[in-house]
Amino acid sequence: MESIEVVRRAVAAARRAGGTIGLVPTMGALHDGHLRLIERCRAESDLVVVSIFVNPTQFGPSEDLERYPRTLAEDCARCDAAGAEVIFAPQVATIYPHGTGSTFVEVPGLSDVLEGASRPGHFRGVATVVLKLFAIVGPDRAYFGQKDYQQQVLIRRMVADLHVPVAITTVPTVREPDGLALSSRNRYLNPAQRRAATVLARALERAGQAVVQGERIGNRVRQILRETIESEPLARLDYAEVADAETLAPLDELGPQRPAVALVAAWVGSTRLIDNRLLG
Ligand code: AMP
């Protein structure tokens, strides 16, 4: 459905029946990672709403907005099979009634580091569209993937700061058997690039093992990440960071009292890939 009114009617009916509402925001081109979110939402909610919206404001001017995969018919079939009752696939003008340059949400400190440093304006677009979806649907709970680690940290901060009554659940990253994190952008990779793309997961795995074996120095862990990714000729490192798992502040040292996360981004050909792993 494309209309806000129709979605709200379905949500209101579920509420009248005493049901809880779960929302899974996506940009479509659904894969098993998205399905895991929908299944978790299905298990915990009476009404499952999946939004499918390729949000123009989170793409930079030189990014892949135009060629981003759009597979709505298949997506709807997969949502149905996973038990989603409501598929909200709005037009851009529905979400941005006064244009994409109108009212926005910014989360300072979290929106300008890591992904935000490489993709200026990206998280303003993400935060704005997610708040709009929350306002349209009014879910009790919303589901995000750990795959986009910074995104779920930022959404958690946004709902806390703005007192938005939505509980955020983060679902672990779903991977291919060789470790590559599932992503709608993986379909851009040719076979050689697809093989090279596993270097992100390999780097994170090596870093994770180093920490398990006692490494505590942030820069040494960063070096493992960097060296592993730079050893792959088809990959070009964007960043490799070791950060506080809640604030994303870079860590000099890892300690038992401070959950840490390793985050990497790299180009493989013209495809930009990200991945992350909790440490310790
Ligand atoms: P997207 O369609 O890329 O905006 O992703 C929609 C949601 O699915 C986001 O919360 C992502 O973090 C999540 N997601 C994407 N890929 C994966 C994955 N491999 N495992 C778990 N969640 C994912």
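With θ taken as phi - 60° and the Karplus curve 6.51 cos²θ - 1.76 cosθ + 1.60 applied, the whole-hertz 3J(HN,Hα) list for segment 198-208 is 5, 4, 5, 5, 5, 4, 5, 5, 5, 5, x Hz, x standing for glycine and proline. Ordering 252-260, 33-41, 218-226, 176-184 by mean Cβ neighbour count within 10 Å, with the highest value first, yields 33-41, 218-226, 176-184, 252-260. If the chain linking Ser231 and Met1 were pulled fully straight, counting 0.36 nm for each residue of separation and taking away their Cα-Cα distance, it would gain 78.1 nm. Using 0.36 nm per residue and subtracting the Cα-Cα separation, the extra length available between Ala17 and Asp32 on full extension is 2.3 nm. Translational diffusion coefficient of the chain (Stokes-Einstein, Kirkwood radius from Cα pairs, 20 °C, 1.002 mPa s): 109 µm²/s.
Taking every DSSP bridge with both residues inside the chain, close to 60 percent are antiparallel.
Only Cα pairs within less than 10 Å get springs; with that Gaussian network setup on the chain, which residue of Val261, Val212, Val174 has the largest fluctuation? Looking only at Val261, Val212, Val174, the biggest GNM fluctuation is shown by Val212.
Rounded to the nearest 0.05, the FRET efficiency derived from the C-beta distance between Thr103 and Gln223 at R0 = 45 Å is 0.55. The charge dipole of the chain, taken about its Cα centre with unit charges on the Cβ atoms of Lys, Arg (+1), Asp and Glu (-1) only, comes to about 180 debye. Extension gain, Glu176 to Arg70: 0.36 nm times the residue separation minus the Cα-Cα distance gives 36.0 nm. Placing a pseudo-label 7 Å from each Cα along the Cα-to-Cβ vector at Ala135 and Leu278 gives an inter-label distance of 3.3 nm.
Tilt of helix 32-44 relative to the longest C-alpha principal axis of the chain, in degrees (0 to 90, nearest 10)? Once rounded, the angle reads 50 degrees. Roughly what angle does helix 122-137 make with the longest principal axis of the chain, taking Cα atoms, 0 to 90 degrees, to the nearest 10? That helix lies at roughly 30 degrees to the long axis. Can you list, bin by bin at 10 Å, the percent of alpha carbon pairs in segment 4-171, starting at 0? Reading upward from the zero bin: 10, 40, 40, 10, 0. Alpha carbon centre of segment 1-35 versus segment 80-109: separation in Å? If we compute the Cα centre of each part, the gap is 12 Å.
All of the numbers you see were taken from the coordinates with simple rules; none came from a lab. Here the structure is a predicted model, which is why all the values come from computation and not from measurement. Neighbour counts are summed over all protein chains in view; Cβ atoms, including those assigned to glycine, are modelled from backbone coordinates with ideal geometry.
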